[in-house]
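Here is the structure we will look at, set down as C-alpha coordinates.
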Amino acid sequence: MPSKTPRISFEYFPPRTAEGKRKLLQETTPALNALDPAFFSVTYGAGGTTRDSTLGVVSAIREDGIDVAPHLSFGGDDGRAIGELVDAYVARGIKRLVALRGDMPSGMGGSSQLVYANELVAFIRERTGDHFEIEVAAYPEIHPEAKSYDSDIRYLKGKLDAGANAAITQYFFNVEAYFYFLDQCAAAGISKPVYAGIMPIINFANLARFSRNCGAEIPRWICQRVEGYGDDQESIRKFGIEVVTQLCQTLLDSGAPGIHFYTMNQVDPTREICRNLGL
Ligand code: FAD
(Lines give C-alpha, C1' and ligand atoms only; values in the text may rest on other atoms or scores of the structure.)
Protein backbone atom coordinates (compact mmCIF):
# COMPACT_ATOMS: atom_id res chain seq x y z
CA MET A 1 0.00 0.00 0.00
CA PRO A 2 1.78 3.25 -1.08
CA SER A 3 2.32 5.77 1.73
CA LYS A 4 0.36 9.00 1.15
CA THR A 5 2.86 11.52 2.43
CA PRO A 6 6.29 9.94 2.59
CA ARG A 7 8.69 11.59 5.01
CA ILE A 8 11.73 13.09 3.31
CA SER A 9 14.90 14.10 5.16
CA PHE A 10 18.37 15.23 4.09
CA GLU A 11 21.70 14.34 5.68
CA TYR A 12 24.84 16.50 5.75
CA PHE A 13 28.32 16.09 7.13
CA PRO A 14 29.93 19.11 8.85
CA PRO A 15 32.11 20.92 6.27
CA ARG A 16 35.82 21.18 7.03
CA THR A 17 36.28 24.78 5.81
CA ALA A 18 34.61 28.14 6.50
CA GLU A 19 33.74 28.41 2.78
CA GLY A 20 32.20 24.93 2.86
CA LYS A 21 30.07 25.93 5.83
CA ARG A 22 29.00 29.19 4.18
CA LYS A 23 27.98 27.34 1.03
CA LEU A 24 26.08 24.70 2.98
CA LEU A 25 24.14 27.28 5.00
CA GLN A 26 23.58 29.96 2.37
CA GLU A 27 23.18 27.95 -0.84
CA THR A 28 22.61 24.23 -0.27
CA THR A 29 20.18 24.45 2.65
CA PRO A 30 17.78 27.01 1.10
CA ALA A 31 17.76 25.01 -2.17
CA LEU A 32 17.01 21.69 -0.44
CA ASN A 33 14.65 23.26 2.10
CA ALA A 34 12.48 24.34 -0.85
CA LEU A 35 11.66 20.63 -1.22
CA ASP A 36 9.98 20.80 2.22
CA PRO A 37 11.86 18.05 4.09
CA ALA A 38 10.75 16.97 7.57
CA PHE A 39 14.27 17.73 8.81
CA PHE A 40 17.96 17.92 7.98
CA SER A 41 20.51 15.88 9.91
CA VAL A 42 24.22 16.47 10.49
CA THR A 43 26.65 13.61 11.08
CA TYR A 44 29.01 13.26 14.03
CA GLY A 45 32.63 12.35 13.24
CA ALA A 46 33.86 8.97 14.41
CA GLY A 47 35.12 9.19 17.99
CA GLY A 48 33.59 12.66 18.47
CA THR A 49 36.01 14.31 16.04
CA THR A 50 33.38 16.82 14.83
CA ARG A 51 31.81 17.60 18.21
CA ASP A 52 32.12 21.39 17.76
CA SER A 53 31.51 21.56 14.02
CA THR A 54 28.38 19.39 14.22
CA LEU A 55 27.06 21.64 17.01
CA GLY A 56 27.98 24.74 14.97
CA VAL A 57 26.22 23.64 11.76
CA VAL A 58 23.17 22.36 13.64
CA SER A 59 22.87 25.62 15.61
CA ALA A 60 23.14 27.75 12.45
CA ILE A 61 20.47 25.73 10.60
CA ARG A 62 18.18 25.87 13.65
CA GLU A 63 18.64 29.66 13.90
CA ASP A 64 17.10 29.87 10.42
CA GLY A 65 14.00 28.17 11.84
CA ILE A 66 14.65 24.84 10.11
CA ASP A 67 14.24 21.46 11.87
CA VAL A 68 17.59 19.74 12.20
CA ALA A 69 18.85 16.65 13.99
CA PRO A 70 22.45 16.20 15.14
CA HIS A 71 23.87 12.69 15.00
CA LEU A 72 25.47 11.69 18.27
CA SER A 73 27.62 8.91 19.70
CA PHE A 74 29.69 8.60 22.86
CA GLY A 75 32.82 8.29 20.74
CA GLY A 76 35.75 8.73 23.11
CA ASP A 77 33.77 10.90 25.54
CA ASP A 78 32.31 10.21 28.96
CA GLY A 79 28.77 10.75 30.21
CA ARG A 80 29.52 14.24 31.51
CA ALA A 81 30.72 15.57 28.12
CA ILE A 82 27.89 13.90 26.19
CA GLY A 83 25.36 15.07 28.79
CA GLU A 84 26.55 18.67 28.35
CA LEU A 85 26.28 18.34 24.57
CA VAL A 86 22.74 16.99 24.85
CA ASP A 87 21.87 19.92 27.17
CA ALA A 88 23.33 22.36 24.60
CA TYR A 89 21.00 20.89 21.96
CA VAL A 90 18.01 21.25 24.29
CA ALA A 91 18.96 24.90 24.92
CA ARG A 92 19.07 25.56 21.17
CA GLY A 93 15.59 24.20 20.62
CA ILE A 94 16.71 21.00 18.90
CA LYS A 95 13.95 18.38 19.12
CA ARG A 96 15.44 15.42 17.26
CA LEU A 97 18.62 13.34 17.53
CA VAL A 98 20.13 10.43 15.62
CA ALA A 99 21.71 8.17 18.27
CA LEU A 100 24.57 5.87 17.25
CA ARG A 101 27.35 3.72 18.58
CA GLY A 102 29.61 5.06 15.85
CA ASP A 103 33.03 3.73 14.95
CA MET A 104 36.54 4.52 16.09
CA PRO A 105 38.35 6.96 13.79
CA SER A 106 40.75 5.04 11.52
CA GLY A 107 44.16 4.69 13.11
CA MET A 108 42.85 4.93 16.67
CA GLY A 109 42.60 1.19 17.12
CA GLY A 110 40.14 -0.45 19.43
CA SER A 111 41.63 0.35 22.83
CA SER A 112 38.59 2.18 24.19
CA GLN A 113 35.19 0.56 24.39
CA LEU A 114 32.45 1.89 22.09
CA VAL A 115 29.07 2.44 23.73
CA TYR A 116 26.22 0.61 21.97
CA ALA A 117 23.45 2.77 20.57
CA ASN A 118 20.79 1.28 22.88
CA GLU A 119 22.79 2.57 25.87
CA LEU A 120 23.00 6.06 24.35
CA VAL A 121 19.25 6.07 23.71
CA ALA A 122 18.63 5.09 27.35
CA PHE A 123 21.08 7.80 28.51
CA ILE A 124 19.30 10.51 26.50
CA ARG A 125 15.87 9.39 27.70
CA GLU A 126 17.02 9.36 31.31
CA ARG A 127 18.45 12.86 31.02
CA THR A 128 15.80 14.58 28.90
CA GLY A 129 12.64 12.45 29.12
CA ASP A 130 10.48 12.79 26.02
CA HIS A 131 12.11 15.99 24.76
CA PHE A 132 13.71 14.39 21.69
CA GLU A 133 12.43 12.34 18.81
CA ILE A 134 15.26 9.80 18.62
CA GLU A 135 16.22 7.95 15.45
CA VAL A 136 18.65 5.04 15.31
CA ALA A 137 20.49 3.21 12.51
CA ALA A 138 19.29 0.01 10.82
CA TYR A 139 21.01 -2.27 8.31
CA PRO A 140 18.91 -4.08 5.67
CA GLU A 141 22.09 -5.82 4.47
CA ILE A 142 23.15 -6.32 8.10
CA HIS A 143 25.84 -4.45 10.05
CA PRO A 144 29.33 -5.68 9.08
CA GLU A 145 30.18 -6.63 12.69
CA ALA A 146 26.87 -8.35 13.44
CA LYS A 147 27.11 -11.91 14.73
CA SER A 148 24.06 -12.95 12.71
CA TYR A 149 21.05 -11.59 10.81
CA ASP A 150 18.76 -12.34 13.75
CA SER A 151 21.03 -10.82 16.39
CA ASP A 152 21.29 -7.57 14.41
CA ILE A 153 17.50 -7.33 14.29
CA ARG A 154 17.29 -8.15 18.02
CA TYR A 155 19.70 -5.30 18.77
CA LEU A 156 17.69 -2.95 16.54
CA LYS A 157 14.62 -3.88 18.57
CA GLY A 158 16.67 -3.20 21.72
CA LYS A 159 17.42 0.35 20.55
CA LEU A 160 13.77 1.00 19.74
CA ASP A 161 12.62 -0.55 23.02
CA ALA A 162 15.12 1.67 24.87
CA GLY A 163 13.07 4.64 23.64
CA ALA A 164 14.00 5.44 20.02
CA ASN A 165 11.06 6.51 17.87
CA ALA A 166 12.21 5.28 14.47
CA ALA A 167 15.13 3.92 12.47
CA ILE A 168 16.91 5.10 9.34
CA THR A 169 18.68 2.50 7.23
CA GLN A 170 22.17 2.33 5.86
CA TYR A 171 21.95 3.02 2.13
CA PHE A 172 21.22 0.11 -0.17
CA PHE A 173 20.61 -0.53 -3.86
CA ASN A 174 18.88 -3.92 -3.42
CA VAL A 175 15.26 -3.05 -2.82
CA GLU A 176 14.42 -6.68 -1.95
CA ALA A 177 16.89 -6.54 0.96
CA TYR A 178 14.96 -3.61 2.44
CA PHE A 179 11.50 -5.16 2.16
CA TYR A 180 12.71 -8.53 3.42
CA PHE A 181 14.29 -6.68 6.35
CA LEU A 182 11.00 -4.88 7.09
CA ASP A 183 9.21 -8.26 7.14
CA GLN A 184 11.83 -9.68 9.51
CA CYS A 185 11.55 -6.60 11.75
CA ALA A 186 7.77 -7.01 11.89
CA ALA A 187 8.18 -10.72 12.71
CA ALA A 188 10.52 -9.73 15.56
CA GLY A 189 7.87 -7.38 16.98
CA ILE A 190 9.20 -4.07 15.64
CA SER A 191 6.32 -1.75 14.82
CA LYS A 192 8.13 1.61 14.62
CA PRO A 193 8.93 3.07 11.17
CA VAL A 194 12.16 2.10 9.41
CA TYR A 195 12.97 4.85 6.89
CA ALA A 196 14.98 4.00 3.79
CA GLY A 197 18.41 5.64 3.59
CA ILE A 198 19.30 6.41 -0.01
CA MET A 199 22.66 7.41 -1.45
CA PRO A 200 22.59 9.25 -4.77
CA ILE A 201 25.43 8.14 -7.05
CA ILE A 202 27.86 11.08 -7.05
CA ASN A 203 31.46 9.89 -7.10
CA PHE A 204 31.33 6.22 -8.06
CA ALA A 205 34.91 5.34 -7.10
CA ASN A 206 34.41 6.76 -3.59
CA LEU A 207 31.01 5.10 -3.30
CA ALA A 208 32.45 1.70 -4.24
CA ARG A 209 35.25 2.04 -1.67
CA PHE A 210 32.91 3.21 1.10
CA SER A 211 30.39 0.47 0.30
CA ARG A 212 33.00 -2.24 0.81
CA ASN A 213 33.63 -0.93 4.35
CA CYS A 214 30.06 -0.42 5.46
CA GLY A 215 28.66 -3.63 3.98
CA ALA A 216 26.31 -2.04 1.43
CA GLU A 217 26.28 -4.01 -1.80
CA ILE A 218 26.44 -2.29 -5.16
CA PRO A 219 24.86 -4.77 -7.59
CA ARG A 220 27.15 -6.10 -10.30
CA TRP A 221 24.99 -4.76 -13.11
CA ILE A 222 25.39 -1.20 -11.76
CA CYS A 223 29.18 -1.60 -11.50
CA GLN A 224 29.37 -3.03 -15.02
CA ARG A 225 27.27 -0.23 -16.47
CA VAL A 226 29.36 2.50 -14.78
CA GLU A 227 32.61 0.79 -15.82
CA GLY A 228 31.38 0.82 -19.41
CA TYR A 229 31.03 4.61 -19.31
CA GLY A 230 34.75 5.02 -18.58
CA ASP A 231 35.51 8.72 -18.02
CA ASP A 232 32.18 9.90 -19.40
CA GLN A 233 31.02 11.60 -16.18
CA GLU A 234 27.84 13.00 -17.74
CA SER A 235 26.61 9.51 -18.68
CA ILE A 236 27.47 8.22 -15.18
CA ARG A 237 25.55 11.13 -13.65
CA LYS A 238 22.48 10.49 -15.82
CA PHE A 239 22.58 6.74 -15.18
CA GLY A 240 22.94 7.36 -11.42
CA ILE A 241 19.90 9.64 -11.38
CA GLU A 242 17.87 7.11 -13.37
CA VAL A 243 18.81 4.15 -11.15
CA VAL A 244 18.25 5.94 -7.85
CA THR A 245 14.98 7.54 -9.02
CA GLN A 246 13.72 4.07 -9.98
CA LEU A 247 14.83 2.66 -6.61
CA CYS A 248 13.00 5.43 -4.72
CA GLN A 249 9.90 5.06 -6.89
CA THR A 250 9.74 1.35 -6.13
CA LEU A 251 10.21 2.06 -2.42
CA LEU A 252 7.41 4.62 -2.31
CA ASP A 253 5.07 2.56 -4.50
CA SER A 254 5.59 -0.41 -2.19
CA GLY A 255 4.85 1.47 1.01
CA ALA A 256 8.21 2.64 2.42
CA PRO A 257 7.36 5.26 5.08
CA GLY A 258 9.87 7.76 3.71
CA ILE A 259 13.35 8.40 2.41
CA HIS A 260 16.45 9.82 4.09
CA PHE A 261 18.87 11.13 1.44
CA TYR A 262 22.61 11.04 2.06
CA THR A 263 23.12 14.29 0.14
CA MET A 264 26.92 14.47 0.47
CA ASN A 265 26.29 18.22 0.99
CA GLN A 266 25.21 18.67 -2.64
CA VAL A 267 21.93 20.01 -3.97
CA ASP A 268 22.04 17.87 -7.09
CA PRO A 269 21.43 15.00 -7.67
CA THR A 270 19.15 14.78 -4.58
CA ARG A 271 16.97 17.62 -5.91
CA GLU A 272 16.74 16.07 -9.37
CA ILE A 273 15.69 12.71 -7.90
CA CYS A 274 13.05 14.36 -5.68
CA ARG A 275 11.68 16.27 -8.67
CA ASN A 276 11.53 13.09 -10.76
CA LEU A 277 9.52 11.52 -7.94
CA GLY A 278 7.17 14.51 -7.74
CA LEU A 279 8.18 15.17 -4.14
P1 FAD B 1 24.81 -0.39 17.31
O2 FAD B 1 23.36 -0.41 17.06
O3 FAD B 1 25.26 -0.17 18.71
O4 FAD B 1 25.38 -1.79 16.74
C5 FAD B 1 26.77 -2.00 16.54
C6 FAD B 1 27.06 -3.49 16.36
O7 FAD B 1 26.96 -4.17 17.60
C8 FAD B 1 26.12 -4.25 15.43
O9 FAD B 1 26.86 -5.25 14.78
C10 FAD B 1 25.07 -4.86 16.37
O11 FAD B 1 24.57 -6.09 15.86
C12 FAD B 1 25.85 -5.06 17.65
N13 FAD B 1 25.12 -4.66 18.85
C14 FAD B 1 24.20 -3.66 18.98
N15 FAD B 1 23.79 -3.54 20.23
C16 FAD B 1 24.47 -4.47 20.96
C17 FAD B 1 24.51 -4.82 22.34
N18 FAD B 1 23.74 -4.18 23.21
N19 FAD B 1 25.33 -5.82 22.72
C20 FAD B 1 26.13 -6.47 21.84
N21 FAD B 1 26.12 -6.18 20.50
C22 FAD B 1 25.32 -5.18 20.08
N23 FAD B 1 28.75 6.93 11.93
C24 FAD B 1 29.38 8.01 12.46
O25 FAD B 1 30.53 7.88 12.89
N26 FAD B 1 28.76 9.23 12.51
C27 FAD B 1 27.49 9.41 12.07
O28 FAD B 1 26.97 10.52 12.14
C29 FAD B 1 26.80 8.29 11.52
N30 FAD B 1 25.53 8.41 11.10
C31 FAD B 1 24.85 7.30 10.63
C32 FAD B 1 23.52 7.43 10.25
C33 FAD B 1 22.81 6.33 9.79
C34 FAD B 1 21.36 6.50 9.40
C35 FAD B 1 23.46 5.07 9.68
C36 FAD B 1 22.71 3.89 9.14
C37 FAD B 1 24.77 4.94 10.07
C38 FAD B 1 25.49 6.03 10.56
N39 FAD B 1 26.82 5.93 10.99
C40 FAD B 1 27.47 7.04 11.48
C41 FAD B 1 27.53 4.64 10.93
C42 FAD B 1 27.46 3.88 12.29
O43 FAD B 1 28.01 4.67 13.32
C44 FAD B 1 28.23 2.57 12.16
O45 FAD B 1 27.56 1.71 11.29
C46 FAD B 1 28.56 1.89 13.47
O47 FAD B 1 29.47 0.83 13.20
C48 FAD B 1 27.36 1.26 14.18
O49 FAD B 1 26.57 2.20 14.79
P50 FAD B 1 25.11 1.76 15.34
O51 FAD B 1 24.55 2.92 16.04
O52 FAD B 1 24.33 1.13 14.27
O53 FAD B 1 25.58 0.65 16.41
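The values are calculated or read from the model by the stated rules, or taken from the named source; none is laboratory data. No experiment lies behind these values; they were computed from the predicted model shown. As a convention, Cβ positions derive from the backbone with ideal geometry for all residues, glycine included, and neighbour counts pool all protein chains shown. All accessible areas refer to the heavy atoms of the entire protein, side chains included, with ligands and DNA or RNA removed. Shrake-Rupley method; radii C 1.70, N 1.55, O 1.52, S 1.80 Å.
A compact table of results
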read-out	value
Single condition Ala188 does not satisfy, out of (1) out of contact with any helix residue (DSSP H, G or I) (no Cβ under 9 Å at 6 or more places or on another chain); (2) modelled with pLDDT of 95 or more; (3) farther than 17 Å from His260 by Cα	(1)
Inter-residue pairs, beta-carbon under 7 Å, first closer than 18 Å to Gly75 by Cβ and in region 85-109, second open to solvent by 50 Å² or more (accessible area, probe 1.4 Å) and at pLDDT 95 or above, 6+ apart	Val86/Arg127; Arg101/Tyr116
Candidate set: region 249-272, residues that are hydroxyl-bearing (Ser, Thr, Tyr) and open to solvent by 30 Å² or more (accessible area, probe 1.4 Å); chosen: the one nearest to the chain's Cα centre (by Cα)	Tyr262
Region 75-99, residues that are in contact with a helix residue (DSSP H, G or I) (Cβ under 6 Å, 6 or more places away or on another chain) and modelled with pLDDT under 95	Gly75, Gly76, Asp77
Residue among Glu126, Glu133, Glu141, Glu145 that alone is under 17 Å from Ala46 (Cα atoms) and not β-branched (Val, Ile, Thr)	Glu145
Set Asp150, Asp161: member being within 20 Å of Phe179 (Cα to Cα), among the acidic types (Asp, Glu) and open to solvent by 50 Å² or more (accessible area, probe 1.4 Å)	Asp150
Selected residue [in contact (Cβ under 8 Å) with a residue 12 or more places away in the chain, over 24 Å from Ser41 (Cα atoms), under 19 Å from the mean Cα position of the chain (by Cα) and surrounded by 14 or more Cβ atoms within 10 Å (Cβ to Cβ)] from Ala177, Ala167	Ala177
Unique match (being in contact with a Lys or Arg (Cβ under 7 Å, 6 or more places away or on another chain), under 24 Å from Val42 (Cβ atoms) and either outside any helix (DSSP H, G or I) or within 12 Å of the ligand (Cβ to nearest atom) (or both)) among Leu160, Leu156	Leu160
Residue within region 39-50 that is open to solvent by 80 Å² or more (accessible area, probe 1.4 Å) and within 16 Å of the ligand (Cβ to nearest atom) present	yes
Residue ID - least open to solvent (accessible area, probe 1.4 Å), chosen from residues in region 19-38 that are touching a residue at least 40 places away in the same chain (Cβ under 8 Å) and either within 17 Å of Ile94 (Cα to Cα) or among the hydroxyl-bearing types (Ser, Thr, Tyr) (or both)	Thr28
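Each row is one residue, and each column tells you yes or no for (1) open to solvent by less than 70 Å² (accessible area, probe 1.4 Å); (2) charged (D, E, K, R); (3) near the ligand (Cβ under 9 Å from one of its atoms).
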residue	(1), (2), (3)
Leu72	yes, no, yes
Asp87	yes, yes, no
Ile94	yes, no, no
Val115	yes, no, yes
Ile124	yes, no, no
Asp130	no, yes, no
Tyr139	yes, no, yes
Pro144	no, no, yes
